[in-house]
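Heads up, the thing below is written out as structure tokens.
The values are calculated or read from the model by the stated rules, or taken from the named source; none is laboratory data. In this text, all values refer to a predicted model and were calculated from it rather than measured experimentally. Cβ sites come from the backbone with ideal geometry, for glycine too, and all protein chains shown count toward neighbours.
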Amino acid sequence: MAQIIGGYFTSHVPGIGGAILRGDQQTPYWKPFFDGFPPIRAWLEQAKPDVAVVFSNDHGLNFFLDKMPTFAVGAAPTYDNADEGWGLPVYKSFTGHPALSWHVIDSLVRDEFDITTCQQMLVDHAVSIPFELVYPGAESWPIKLIPIAINTVQYPLPSPKRCLALGRAVHRALQSWGGDERILVCGTGGLSHQLDGPRAGFMNPDYDMFCLDNLAANPDALTGHTAEQVAELAGTQGVEILNWIAARGAMGDVPLTQISRNYHIPISNTAAASLLLEPA
Amino acid sequence: MTPDSATTDNAIRRTIPLFDGRLATRGYALNAMCFSFNERANREAFLADEDVYCARFGLTPEQRKAVADRDVLAMLDAGGNVYYLAKLAGIFGLGVQDLGALQTGMSVDQFKAMLQTWAEKIPHQEHV
């Protein structure tokens, strides 16, 4: 039976891609952030996941405002990255796992989550950078991808409660899959940051700590706010915590051990974090 | 959603403000133009003749003026969404800290220093 072996959570700020490109990982500005990753890489080397179910948000590469799904599940054989317009390199393509994607899709809709399905889907820095961080210099990605996109761009956004429920439904889907895959669940984005408006530069370390302290043992604590309240607390782009909440749900309601946790301010305009959880 | 939380949420949408149907409707043409900048050829076409390129997307006079003035707050007011506007900013070589400075009236150095001060507010430090 397929096994969910861990949950990997990280910020996905485009600036990280720039730092990797320049080789800035050990500079005083970037080192405190990159120091969060050696333990995650070491764990991955042992744990050897072969599928990653990744919850993230598109930043205007795949989805435009003409059609904006609240939840979209990829079912493609491959997922390409592409030029996002601001100078990041184009990252390696991912191989998909259509059979497992369709199983997840079937199970979600049976579970009354009326998701959008995508047989073609570009993935942006929100998917590529987390894997550049943990598989640096890999010739090709050692994992297959099932991307799940959550709308964090155009309100109404799904509530934290709904995102946790979606994640739990993905967990049920993965539990009922007959394959022998070793599955890594990922949530990317955040933590607190705001890029737009007079409040640009806003962060909220107290709210970030509340999230980091509760995500593993008490994820329901993060569902007491509406999406709008999360934006007020975490900043307009801090709502990307929705991806983390959904990914936590997909790990299932089992006791979790924290393998690694790192929090650093600032990288670019963002309070950045990485976290690795494993079923106890 | 209870009626009470709908009222509170709508108030938050107006005050921050958040990119909801009201702004998404107002900003559609501007955001559509910015979305096109994912392609290099389109970025080059914009640089070659900004007026023609903006006209092709039917920008409103308010949007056209905001773009001409490189006025980020006015672009947001005109319904621009920052994820799309960032692609326009990229054409001018501006990153998110430049945008932050432009929106807050600070210099880029002041804005960067302000970002740094949030580190002092971390309530406890977790070991890696």
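Exactly one of these conditions fails for B:LEU59: (1) facing another protein chain (nearest Cβ under 10 Å); (2) in a loop (DSSP other than H, G, I, E, B). Give me its number.
(1)
Taking the condition of being aliphatic (A, V, I, L, M) and either within 19 Å of A:PRO266 (Cα to Cα) or at the interface with chain B (Cβ under 8 Å from one of its Cβ atoms) (or both), how many residues in segment A:191-224 meet it?
The number of residues fulfilling the criteria is 6.
Just give me the residues in segment B:10-43 being more than 8 Å from chain A (Cβ to nearest Cβ), within 26 Å of A:GLY87 (Cβ to Cβ) and out of contact with any helix residue (DSSP H, G or I) (no Cβ under 9 Å at 6 or more places or on another chain), in sequence order.
B:ALA41
May I ask you to verify whether A:LYS92 is assigned to a loop (DSSP other than H, G, I, E, B), among the basic types (Lys, Arg) and in contact (Cβ under 8 Å) with a residue 12 or more places away in the chain?
So A:LYS92 passes the test.
So, in segment B:8-52, how many residues would count as being touching a residue at least 12 places away in the same chain (Cβ under 8 Å), under 18 Å from B:GLY93 (Cβ atoms) and surrounded by 13 or more Cβ atoms within 10 Å (Cβ to Cβ)?
The qualifying residues number 6.
Counting only residues that are closer than 20 Å to A:LEU191 by Cα and within 14 Å of another protein chain (Cβ to nearest Cβ), which one in segment A:40-68 is surrounded by the most Cβ atoms within 10 Å (Cβ to Cβ)?
A:SER56
Which ones in segment B:34-56 are over 19 Å from A:LEU61 (Cα atoms) and hydroxyl-bearing (Ser, Thr, Tyr)?
B:TYR53
Residues of segment A:240-280 being assigned to a strand (DSSP E or B), buried (at least 23 other Cβ atoms within 10 Å of the Cβ) and small (Gly, Ala, Ser), which ones?
The answer is A:ALA271, A:ALA272, A:ALA273, A:SER274.
Hey, could you check segment A:107-161 for residues that are of a type in the set (D, E, K, R) and more than 30 Å from B:LEU23 (Cβ to Cβ) and say which is surrounded by the most Cβ atoms within 10 Å (Cβ to Cβ)?
Step one: of segment A:107-161, the residues of a type in the set (D, E, K, R) are A:110-112, A:114, A:124, A:132, A:139, A:144, A:161.
If we keep only those that are more than 30 Å from B:LEU23 (Cβ to Cβ) as well, we get A:110-112, A:132, A:139, A:144.
Values: A:ARG110: 11, A:ASP111: 15, A:GLU112: 8, A:GLU132: 20, A:GLU139: 7, A:LYS144: 22.
Among them, the one singled out is A:LYS144.
Are there any pairs with C-beta distances below 7 angstrom linking a residue in segment A:232-245 that is over 14 Å from A:SER11 (Cα atoms) to a residue that is charged (D, E, K, R) and at pLDDT 95 or above, with the two at least 6 apart or on different chains, and if so which?
If the second residue must be charged (D, E, K, R) and at pLDDT 95 or above, the pairs left are A:THR236/A:ASP196.
Give just the number: which of (1) buried (at least 18 other Cβ atoms within 10 Å of the Cβ); (2) at pLDDT below 95 does B:SER5 not satisfy?
(1) is the only condition that B:SER5 fails.
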